[in-house]
Structures are given as structure tokens and as C-alpha cells.
Amino acid sequence: MAKRKGPEGVIHKLEIDFIKSHHYRVVQVDGAWGSVGPHGNTIQMSVYNERFAIPQQVSLQVDDGVAVKELDRSGKKGLVREIECTLVMGVDQAEAVAKWLMERAEEARRFNEKRSSKEHRDQR
């Protein structure tokens, strides 16, 4: 990280390097569940992906060594919300993240509106 201080000792340039942790991964987020932390000074947000339940077991009919038909299925029914991770942040950080997310959402909306408008013009 390089720092340059001006005459009053104020930093005029700050370089930040981004390094991925050993636990880094991409997570599909379909929703969040959370609350204010137990001491009131943090926000806890668990992010999840949502999918249909995977069967625990299936029984198949086999003819001449080839599975031809599902006979039975057991397991959970309905949807599964798989919690990927829980984010814990202070109130100031939560507000900053919320602001950043809203700005990115607005950028995405503008991008998609431009693309949609261009596709509409190209179809004429």
C-alpha cells in the first residue's frame, strides 16, 4: 500500500489491494433472513439460495440393466432455503452496503432499459 502525505500530513493517495481469502467463493443469493444483533450494535444477515428439495432416495424400475421408470421417491417436500453464510456488520456498514446495493441496482436497471430499447429499435 503506497501512501503519499502532503505538507499538512494529509494522505493524498491510498492504494488498496484486494486479495481473495482461501474461503472465497461465488454465492447465488435468492434472499436474506436476519435481525439486529443481540446487543443492538450489529445487523446479522443470513443469505440463502432457494431450490426445490432433492430427493433422499428414489426407486427405479430396471429392465435389462437399464433404468426405465421411477417407481418411488422419498424426502423433503416443497422448497429448500440453503443458508450460504451469515454476514455480521455494524449499523454504519449496513447503511453503506445498502446504499451501494441500491446504486448497483439502479445501474443495472438503466443498463437493461438501454439494452431493451436498443433491441426494440433493432426489431423494426
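Readers should treat all values here as calculations from the given coordinates under stated rules, not as data from a laboratory. Since this is a predicted model, take the numbers as computed values, not measurements. Counting neighbours? That spans all protein chains shown, and the Cβs are built from the backbone with ideal geometry, glycine included.
Details
- Part-to-part distance (alpha-carbon centres) for segment 14-32 and segment 48-75, which is given in Å: 35 Å
- Relative to the compact-globule estimate of 2.2 N^0.38 Å, the Cα radius of gyration of the chain comes out at 1.80.
- Two-site label geometry, Gln123 and Val26: point separation in nm, points 7 Å out along Cα→Cβ: 2.8 nm
- Full extension of the chain segment joining Glu107 with Asn49 gains 18.5 nm, where the gain is 0.36 nm per residue of separation less the Cα-Cα distance.
- Ranked packing of 79-87, 100-108, most packed first, by mean Cβ within 10 Å: 79-87, 100-108
- Nearest 10 degrees, 0 to 90: helix 91-122 Cα axis against the chain principal axis: 70 degrees
- Amide H to amide H distances under 5 Å link Asp30 with Tyr48, Asn49, Glu50, where only residues 5 or more positions off or on other chains count and H is placed in the peptide plane.
- Inter-probe distance in nm under a simple model that places probes 7 Å from Cα toward Cβ, at Ala67 and Ser116: 4.1 nm
- Pairs of lysines in the chain whose Cα atoms sit within less than 28 Å of one another amount to 8, provided the residues are eight or more positions apart or on different chains.
- Each residue of segment 70-75 was assigned a 3J(HN,Hα) from its phi angle through the Karplus expression (A = 6.51, B = -1.76, C = 1.60, θ = phi - 60°), giving 7, 9, 8, 9, 9, x Hz with x at Gly and Pro.
- Charge dipole of segment 3-122 about the Cα centre (unit charges at C-beta), most positive-ward option of Gln28, Val58, Ser116: Ser116
- Highest mean packing comes first when the peptides 54-67, 10-23 are listed by Cβ atoms within 10 Å, giving 54-67, 10-23.
- In a simple Cβ point-charge model (Lys, Arg +1; Asp, Glu -1; nothing else charged), segment 1-93 has a dipole of about 400 debye relative to its Cα centre.
- Global form of segment 53-120, assessed from the alpha-carbon gyration tensor, a/c cut-off 1.5: oblate
- Per residue of the chain, the DSSP helices (runs of n ≥ 4 H) give a summed -39500 (n - 2.57) that works out to -9500 deg cm²/dmol at 222 nm.
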